[in-house]
Amino acid sequence: MGATEKTLEAVRAMAAAMEERRVELTQLDAAIGDGDHGTNMHRGFRAALERLQASPPGTPSEVLKAVSMALVSRVGGAAGPLYGTAFLRASSALSGREEPSAADVAAALEAALAGVKQRGRAEVGDKTMVDALEPAVRAARQAEGKGVAAMLRAAAEAAGEGAEATVPLTARKGRASYLGARAAGHKDPGAASTAYLLAAAARAVEGS
Ligand code: ADP
Ligand code: MG
């Protein structure tokens, strides 16, 4: 299977994960936000699949660009622009790479993180998706030598741990920051969705 088809498989798996986790993510957001994260992400990834079907992409970079456009226009809220930026930066990083190496994919994840941090101004510990994405990037860099599938697996595991680690935190960014200490004891929905997206991508690439 070529890299474009593998990237498409990863996006299909991400869309399936957002469908499967829709209620859970919305419940997490209901606890410390406005209860729309799961429906937002599900809607956005459904739109991404429609866009990819309407105009089939020719490269991994084009796949990620189409996802970015769909997420920006359909997710809304805080997460839409942030995930849109993440996928756009990853797309740009992979531009000209027809068969990306593990190092290329790690660089794309790093570019995604940089975009999210630049746009949202959040750091690790602020109880956001950065708490999942930043450790994922670190793990990806460390696992670069093991190939794309193992690298994504390592990134997904680190993201899952990062998302769990948001539970005791008070939020310093996003809606949950309005709650002060009351946000403690709940997992951040955006960190959770980041971990699920990476796990889905890892599974898809491992299986292809
Ligand atoms: P909204 O908060 O507008 O309803 P969502 O519910 O879809 O949007 O997404 C909420 C998630 O967005 C949070 O759980 C958090 O992970 C993420 N988020 C919010 N603000 C920021 C930020 N400034 N930087 C990074 N992530 C953020
Ligand atoms: Mg919300």
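The values are calculated or read from the model by the stated rules, or taken from the named source; none is laboratory data. Worth saying up front: this structure is predicted, and the values here are computed from it rather than measured. Backbone-built Cβ (ideal geometry, glycine too); neighbour counts: all protein chains shown. We work out accessible area using only protein heavy atoms, side chains counted, and drop any ligands, DNA or RNA first. Shrake-Rupley method; radii C 1.70, N 1.55, O 1.52, S 1.80 Å.
Data for the structure
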| item | result |
| --- | --- |
| Yes/no for Ala171 being within 13 Å of ligand 2 (Cβ to nearest atom), part of a loop (DSSP other than H, G, I, E, B), surrounded by 15 or more Cβ atoms within 10 Å (Cβ to Cβ) and touching a residue at least 60 places away in the same chain (Cβ under 8 Å) | yes |
| Selected residue (only one of Arg74, Arg22 is open to solvent by 30 Å² or more (accessible area, probe 1.4 Å), touching a His at 6+ places or on another chain (Cβ under 7 Å) and within 16 Å of ligand 1 (Cβ to nearest atom)) | Arg22 |
| Residues of region 136-170 classified as within 12 Å of ligand 1 (Cβ to nearest atom) and either at pLDDT below 95 or of a type in the set (S, T, N, Q) (or both), total | 1 |
| Residue match in region 94-106 (condition: surrounded by 20 or more Cβ atoms within 10 Å (Cβ to Cβ), in contact (Cβ under 8 Å) with a residue 60 or more places away in the chain and not acidic (Asp, Glu)) | yes |
| Yes/no for Ala15 being crowded, with 19+ Cβ neighbours inside 10 Å, in contact with a Phe, Trp or Tyr (Cβ under 8 Å, 6 or more places away or on another chain) and on the phi < 0 side of the Ramachandran plot | yes |
| Residue that is farthest from ligand 1 (Cβ to nearest atom) [pool: residues in region 108-126 that are within 15 Å of Ala163 (Cα to Cα) and out of contact with any helix residue (DSSP H, G or I) (no Cβ under 6 Å at 6 or more places or on another chain)] | Gly125 |
| Among (1) among the polar types (S, T, N, Q); (2) open to solvent by 30 Å² or more (accessible area, probe 1.4 Å); (3) over 18 Å from Ile32 (Cα atoms); (4) touching a helix residue (DSSP H, G or I) at 6+ places or on another chain (Cβ under 6 Å) - the single one Ser91 does not satisfy | (2) |
| Lone unmet requirement of (1) open to solvent by less than 20 Å² (accessible area, probe 1.4 Å); (2) at pLDDT below 95 for Arg182 | (1) |
| Complete set of residues in region 60-71 that are open to solvent by 10 Å² or more (accessible area, probe 1.4 Å), more than 13 Å from the chain's Cα centre (by Cα) and either touching a residue at least 24 places away in the same chain (Cβ under 8 Å) or within 15 Å of ligand 1 (Cβ to nearest atom) (or both) | Ser61, Glu62, Lys65 |
